[in-house]
Structure formats: structure tokens, C-alpha cells
1. Does region 174-188 include one or more residues that are within 27 Å of Leu261 (Cα to Cα) and either among the hydrophobic types (A, V, I, L, M, F, W, C) or buried (at least 24 other Cβ atoms within 10 Å of the Cβ) (or both)?
2. Restricting the search to region 98-130, which residues are among the small types (Gly, Ala, Ser), more than 17 Å from the chain's Cα centre (by Cα) and either surrounded by fewer than 19 Cβ atoms within 10 Å (Cβ to Cβ) or part of a loop (DSSP other than H, G, I, E, B) (or both)?
3. Can you tell me which residue among Thr20, Thr57, Thr11, Thr24 is within 18 Å of Val83 (Cα to Cα) and among the β-branched types (Val, Ile, Thr)?
4. Given the residues Pro111, Pro55, Pro142, Pro116, which is the only one that is touching a Pro at 6+ places or on another chain (Cβ under 7 Å) and modelled with pLDDT of 95 or more?
5. Residues in region 68-92 that are within 25 Å of Ala6 (Cα to Cα) and either charged (D, E, K, R) or surrounded by fewer than 16 Cβ atoms within 10 Å (Cβ to Cβ) (or both): how many?
6. Could you list all residues from region 6-20 that are crowded, with 24+ Cβ neighbours inside 10 Å, hydrophobic (A, V, I, L, M, F, W, C) and not in a loop (DSSP other than H, G, I, E, B)?
7. Would you please list the contacts, defined by Cβ atoms under 6 Å and residues six or more apart or on different chains, that run from a residue in region 31-50 that is on the phi > 0 side of the Ramachandran plot to a residue that is in a helix (DSSP H, G or I)?
8. Please count how many residues of region 26-43 are in contact with a Pro (Cβ under 6 Å, 6 or more places away or on another chain) and more than 15 Å from Asn266 (Cα to Cα).
Amino acid sequence: MRHRNAPFGRTLCAMVTPFTSAGTLDLDGAARLAARLVAEGCDGLVLNGTTGESPTTTDAEKRELISAVRSTVGDAVPLVAGVGTADTRHTVELTLAAEKAGADAALVVTPYYSRPQQAAVEAHFLQVADASGLPLMLYDIPGRTGTRIAPATLIRLAAHPRVIAVKDCSYDFLGTQKVLAATDLAYYAGCDEHILPLYAVGAAGCVSTVANVVPGQVAGILAAFDAGDTTRAAELQSRITPLIEAMMASDLPGTVTTKALLNTLNLPSGPVRAPLLPADEKVTAELVAVLRERPTGCLTGRPSSVQSARP
């Protein structure tokens, strides 16, 4: 296996954005949630991603969230800021704002809905890469955007000095391995069921939604693999499989299921913003039952040693 390149940490959480009961940005809650995630095993955070409800937070709220979390976790924890939109100009503006607010990197999704051709996808990422000093993590999630980043496009983009990582939700394991073999791009599993499989072939780590709820167990998968205990790593991945299915492979977005669980656990979360609707009592009870059925010692997220959008 090639040398593991993890520029933004290994266990990154795609953090939800806490809101107050009135629906306003809860910066105190965000600070407490970020501190808890770091304390329990996350060595990097992704803010303002889809799990963080970026489509319905304002540009000002995005800046405020980055600043508040930076003040809480300090400079040692990498912060990757979601800046992707369907508009290249707006994406550049968000990238510059994230840099000013204290982000260490920008997460840039493929422009969605308009379904640009590969040449346009490549031009979009290059324009964003040239606009600031932030390194980029490209987000390949064709199930949401309608357009993937083709392996050949990723290989060309890897020549840019600020294109250094990929959040992979492509569900193209062969294509992913081709890019891993041909470039030094740091790959992060963006689908929780792929954390261990992708790590086993040389990925940098993961950007996990489920880590909002069980950060320590997600971190434990990678730690066990690094220690050479692949059996333990597989066991830990298997333990969270029912939770991954309940949270990520239902008809509800991962943001909704994550916030339902965090609210039940009295952790900072709050409501979701429209057009999302909260999980009802029945769904919430089912989620809690899955969480509690896991082995003793995992409820807090500490290790005992499915996808966010399907095409």
C-alpha cells in the first residue's frame, strides 16, 4: 500500500449546524458540539457541508460558524469549509470568505443541476483553486449533483498544487483505485459504509456523518487498522453498519436522522430548516433503538478497544 497522505486529519466529521428552537444559528451549540467531536476522536471537521445544511444557511452564517468553531478548537484541528454551489462566481466568493474566517481548506462539490460537461467541471475547479490560497478537497457525489468527476478529470486536476484531496461518494470503487494509483490525491471516504474498504486500499480517512453521533467508534475503525488489527477494524465497521443503514439509507436525509439522534441525546442540534422536515416520533424511536442495540460502551461514541444520496 502506498504512503498514506492525510492532509486534513484522518477522522473528519461532516458536522451538523446547530440551530436554536427559533431556527437561528446556535453558535454556542456549534462550539460545544465541535469540542465534543474533537474530544471523542475526530481530528478534523467539515463545516457548511450538505450535512451542515449549507443550501439553507446564509453566507454570513457560514462565516460566523467557521469563526466560532475555530475559536473553540484552536489551530491544531483542521477545518474544511464547504463552499460548493452551482455558480462558479459564488463558489469563489465563499472560498475567499472561508479563508478569511479561518478555514484550512475548501470542500468544493461538482456544480449541480446544470450538469456541466467534464471540460466545464474541470474549469470550475481550476477557477476556484486559482482564486485563493486554500487547498481544495473536491467532492464527487453524482447521486446528488447529477454529474460525477470522471477519473481522467481528477487525474488532470491533481496537477494543480492546491487540488490535494477528494471526498469520494462516487460509488465507483474501480475508478477510485485508478486515481489513487495515478496521483497523490488524498482520498476520504464520504460514505460511511466505505470507511474501512477505502482505507484498506490507501485512502487518507473519512468524512463521516455518522461520526456526529459515534465519533469514537468511527475513529476506532481506522485506529485498529493502523495498529494492524484488521479483524478488530472489520468488527468495528460491522458494529456501526445497522446505524449507517438507519441514518443514511432510509428515505430521510442524513441531516434529519442525525439531528433526531443528537436531540434525543441532548447534544447540540436543534431543528432542521425547510424544506427539510424533522423526523417524526416513530422514526426517532426506531433510530434510538438501533443506536442502543449496539454493544455496550459504544453509545457515547468511544470505541470499546449509507450513503448520503444514492444515485
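The values are calculated or read from the model by the stated rules, or taken from the named source; none is laboratory data. Just so you know, these numbers come straight off a predicted model, no measurement behind them. Positions of Cβ are generated from backbone atoms using ideal geometry, with glycine treated the same way; all protein chains shown enter the neighbour counts.
1. Scanning region 174-188, I find at least one residue that is within 27 Å of Leu261 (Cα to Cα) and either among the hydrophobic types (A, V, I, L, M, F, W, C) or buried (at least 24 other Cβ atoms within 10 Å of the Cβ) (or both), so the answer is yes.
2. The answer is Gly102, Ser114, Ala119, Ala120, Ala123.
3. Result of the check over Thr20, Thr57, Thr11, Thr24: Thr57.
4. On the way: Pro111 fails: touching a Pro at 6+ places or on another chain (Cβ under 7 Å); Pro55 fails: touching a Pro at 6+ places or on another chain (Cβ under 7 Å); Pro116 fails: touching a Pro at 6+ places or on another chain (Cβ under 7 Å).
Exactly one of Pro111, Pro55, Pro142, Pro116 is touching a Pro at 6+ places or on another chain (Cβ under 7 Å) and modelled with pLDDT of 95 or more, namely Pro142.
5. Within region 68-92, residues that are within 25 Å of Ala6 (Cα to Cα) and either charged (D, E, K, R) or surrounded by fewer than 16 Cβ atoms within 10 Å (Cβ to Cβ) (or both) number 5.
6. Of everything in region 6-20, those that are crowded, with 24+ Cβ neighbours inside 10 Å, hydrophobic (A, V, I, L, M, F, W, C) and not in a loop (DSSP other than H, G, I, E, B) turn out to be Leu12, Cys13, Ala14.
7. Once the first residue is on the phi > 0 side of the Ramachandran plot and sits in region 31-50, its partners that are in a helix (DSSP H, G or I) give Gly41/Pro215; Gly41/Gly216; Gly41/Ala219; Asn48/Ser54; Asn48/Lys62.
8. Within region 26-43, the subset in contact with a Pro (Cβ under 6 Å, 6 or more places away or on another chain) is 26, 29-30, 32-33, 37, 40-42.
Subset that is more than 15 Å from Asn266 (Cα to Cα): 40-42.
Counting residues in region 26-43 that are in contact with a Pro (Cβ under 6 Å, 6 or more places away or on another chain) and more than 15 Å from Asn266 (Cα to Cα) gives 3.
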